[in-house]
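Below: the structure, in structure tokens.
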Amino acid sequence: MIAPLAYDGAMKSVIAENLVKTYRNGQVKALDNLSLDVEEGTVLGVLGPNGAGKTTTVRVLSTLLKPDSGHATVGGIDVVKDPKAVREIIGLSGQYAALDETLTGWDNLVMFGRLYHLSGEQARVRAKELLEQFSLTDSAHRPIKTFSGGMRRRLDLAASLIVRPKVLFLDEPTTGLDPRGRMEMWEVIQSLVKDGVTLLLTTQYLEEADQLADDIVVIDRGQVIARGSSDQLKAEVGGERLEIVVDESDIDAARAVIERIAGASSVVDQGLRKISAPVRAGTDSLIEVVRELDALKIHPLDLALKRPSLDDVFMSITGHAAEEAVDDSAAEPTKKKKGGRK
Amino acid sequence: MSSVKHSVSDALVITKRQLQQLVRVPEVLIFNTIQPVMFVLLFRYVFGGLGVGIPGGYVQLLMPGIFVQTVTFTLAATAQGLAQDMEKGLIDRFRSLPISRSAVVMGRTLGDGLLNIVVLVVMGVAGYIVGWRPTSSLLHIAAGFILLLFFGYALSWCGVFAGLISKDARVVANVSFLFTFPLTFLSNAFASTTTMPKPLQYFAEWNPVSTMVAATRQLFGFHNTFGVTAHSYPSEHPIVTSLFYMVVLMAIFMPLSVRRYKSANRR
């Protein structure tokens, strides 16, 4: 008897193996043997700069784009062989709110509900639920073009949740939002995560991946260059850095204090009179440094505890800063910047 | 079969969306009808004197010309609508839904066809007010309008393809217009082809716009004095030739458009 396929431990909702996708007859390699997977009920953050291949990955997994080679399944279904079955179980929310802007939020949700083959009544009930869940009930009957960026994104996300997808793809859900819009979006996504949705999320912000994802893959030039939990990645990067700017005459004394407390060597930028060093104890180290400097009557001109950014992650993994792709528009289709229609 | 049922209902949802747009932004419908009505008035009173010797006057030959010109512009309208949906990422979202691959383009062409009904009715009323009086039976008149709607529908499919391959909605609208506008004038729509240089005469006689104009003139009960020069097949058999053109256009552009839609990428 042939044994049924065994899932070793947890079931993988998304599997991508050696995906390759080139544009312009192979001149631009958007995906270069990219592999990743997402365990059921978890959140994978795909972190990378513009043009790294994030959007292309999402487009392949959501059946919008056929890979040149490689293999991918979503919910156990092959995305190339049976795209229609994949579309039944996924939700996709892209970089730009893909909604009909002349219609109202309500019109949009009902329309998408009907396209998911809900009955008119079911579509209206679901639209009402989603508008409530995303705090958009008051604006339900206003045209989308009057919405703020954050509201559009929330509605776009709502539209991708109409049939409670098994796997959700969010492509840079907060890019272009103001801080408040970003916080609201994070709250919404966190509540979805709590409900146990399987989510693949792309982002340019380490902080965002840190907030929302269980696991993170870092990609660059179409390849996965690191994978791990947020803590693992941060440990690899070296955690937080203390940065302090002092008068030129105080540099040597301040440097000694910082190196002793940090327990590590520091980097001094003479021009900016900035001393920086990695610290393990975060704010405690900061307080300690302030106390000692105060005792020595050294007055810091600027003082900051810097969390590692995507740039720092890149710096430590690849040795180079996160570069924009040579031809961004080729690697990641983006909407041209334009004025509104009217 | 449920998949066929779904294809139809999905397309109707897309069509309904277009009608909702017209309700939300009524300006679109208003401008879509004002422009042809303006053409009716301008041509009627600027070139009205050309109609010496035409039974019923120039307006009898003019109206079919303007009807055909107006439905010809459906090509640009469809192209622009689809290109806008591409730009906004809506096509991406539609493609990520479990709907049939033809639903979006079917729905769009149907919506543009329905808009043409409204526009043709308004133009017909405007034409009647300025003296247009078809002399044929009601059945023939209805057949004339149905032919016009089908012609617009067939061209709409060329517009779908243009919209899907374009990168910019405004560019594709302008290009489509640049292509269709001369077509409507290198024809028998507004003046007799006999005064054109010989090569243009041949072009004008085979031009689908001319065959459509000749066909509708015939169906509305007027002798097509603007189009019979060389006794070519199209000018002798305008209805058959027009139907042939429509079938060919749809046979080419329906499958091409659906194929294009399947791999449409927003770039």
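The values are calculated or read from the model by the stated rules, or taken from the named source; none is laboratory data. In this text the structure is predicted, and so the values were computed from the model without any measurement. As a convention, Cβ positions derive from the backbone with ideal geometry for all residues, glycine included, and neighbour counts pool all protein chains shown.
Looking only at residues in the stretch A:107-150 that are of a type in the set (A, V, I, L, M, F, W, C) and touching a residue at least 40 places away in the same chain (Cβ under 8 Å), which one is farthest from A:R87 (Cα to Cα)?
The first filter runs over the stretch A:107-150 and keeps only residues of a type in the set (A, V, I, L, M, F, W, C), leaving A:109-112, A:115, A:118, A:123, A:125, A:127, A:130-131, A:134, A:136, A:140, A:144, A:147.
Pick out the ones that are also touching a residue at least 40 places away in the same chain (Cβ under 8 Å) and you get A:109, A:112, A:118, A:134, A:144, A:147.
Details: A:L109: 17, A:F112: 13, A:L118: 15, A:F134: 23, A:I144: 25, A:F147: 28 Å.
Filtering the stretch A:107-150 for residues that are of a type in the set (A, V, I, L, M, F, W, C) and touching a residue at least 40 places away in the same chain (Cβ under 8 Å), the one farthest from A:R87 (Cα to Cα) comes out as A:F147.
Mind listing just one residue for me: the one in the stretch A:261-311 that is in a loop (DSSP other than H, G, I, E, B) and basic (K, R) and, of those, farthest from A:G239 (Cα to Cα)?
So the first thing to find is which residues in the stretch A:261-311 are in a loop (DSSP other than H, G, I, E, B), and the list is A:263-266, A:270-273, A:280-282, A:296-301, A:307-309.
Still in the list and also basic (K, R): A:273, A:280, A:297, A:307.
Values: A:R273: 22, A:R280: 7, A:K297: 29, A:R307: 7 Å.
Ranking the candidates gives A:K297 first.
Of the residues B:R44, B:R17, which single one is more than 14 Å from chain A (Cβ to nearest Cβ), crowded, with 16+ Cβ neighbours inside 10 Å and in a helix (DSSP H, G or I)? Please lay out each step first, then the result.
Numbers: B:R17 fails: more than 14 Å from chain A (Cβ to nearest Cβ).
That would be B:R44, the only listed residue that is more than 14 Å from chain A (Cβ to nearest Cβ), crowded, with 16+ Cβ neighbours inside 10 Å and in a helix (DSSP H, G or I).
Which one of the conditions (1) within 11 Å of chain B (Cβ to nearest Cβ); (2) modelled with pLDDT of 95 or more; (3) farther than 22 Å from B:L19 by Cβ does A:W106 fail to meet, given that it meets all the rest?
(3)
What residue, among those in the stretch A:180-207 that are at pLDDT below 90 and within 10 Å of the chain's Cα centre (by Cα), is surrounded by the most Cβ atoms within 10 Å (Cβ to Cβ)?
A:L206
Sort through A:L161, A:L155 and tell me the only one that's out of contact with any strand residue (DSSP E or B) (no Cβ under 9 Å at 6 or more places or on another chain) and touching a residue at least 24 places away in the same chain (Cβ under 8 Å). Step through it out loud before you land on a result.
Details: A:L161 fails: out of contact with any strand residue (DSSP E or B) (no Cβ under 9 Å at 6 or more places or on another chain).
When all the criteria are applied, what remains is A:L155.
Check the stretch A:115-131 and report whether any residue there is assigned by TED's automatic domain parsing to the domain that holds A:E184, of a type in the set (D, E, K, R) and in a loop (DSSP other than H, G, I, E, B).
Filtering the stretch A:115-131 for residues assigned by TED's automatic domain parsing to the domain that holds A:E184 gives A:115-131.
Now narrow it down to the ones that are of a type in the set (D, E, K, R): A:121, A:124, A:126, A:128-129.
Checking which are in a loop (DSSP other than H, G, I, E, B) leaves us with none.
No: zero hits.
Just checking, which of B:T195, B:T180, B:T184, B:T135 is touching a residue at least 24 places away in the same chain (Cβ under 8 Å) and surrounded by fewer than 14 Cβ atoms within 10 Å (Cβ to Cβ)? Talk me through it step by step, then tell me what you get.
On the way: B:T195 fails: touching a residue at least 24 places away in the same chain (Cβ under 8 Å); B:T180 fails: surrounded by fewer than 14 Cβ atoms within 10 Å (Cβ to Cβ); B:T184 fails: surrounded by fewer than 14 Cβ atoms within 10 Å (Cβ to Cβ).
From the options B:T195, B:T180, B:T184, B:T135, the qualifying one is B:T135.
So B:A264 ticks every box in (1) under 22 Å from B:G144 (Cβ atoms); (2) at pLDDT below 95; (3) among the hydrophobic types (A, V, I, L, M, F, W, C) but one. Which box is left unticked?
That leaves (1) as the condition not met.
Name the single residue, out of those in the stretch A:262-290 being in contact with a helix residue (DSSP H, G or I) (Cβ under 7 Å, 6 or more places away or on another chain) and free of Cβ contacts under 8 Å to residues at least 40 places away in the same chain, that is surrounded by the fewest Cβ atoms within 10 Å (Cβ to Cβ).
So the residue we want is A:S265.
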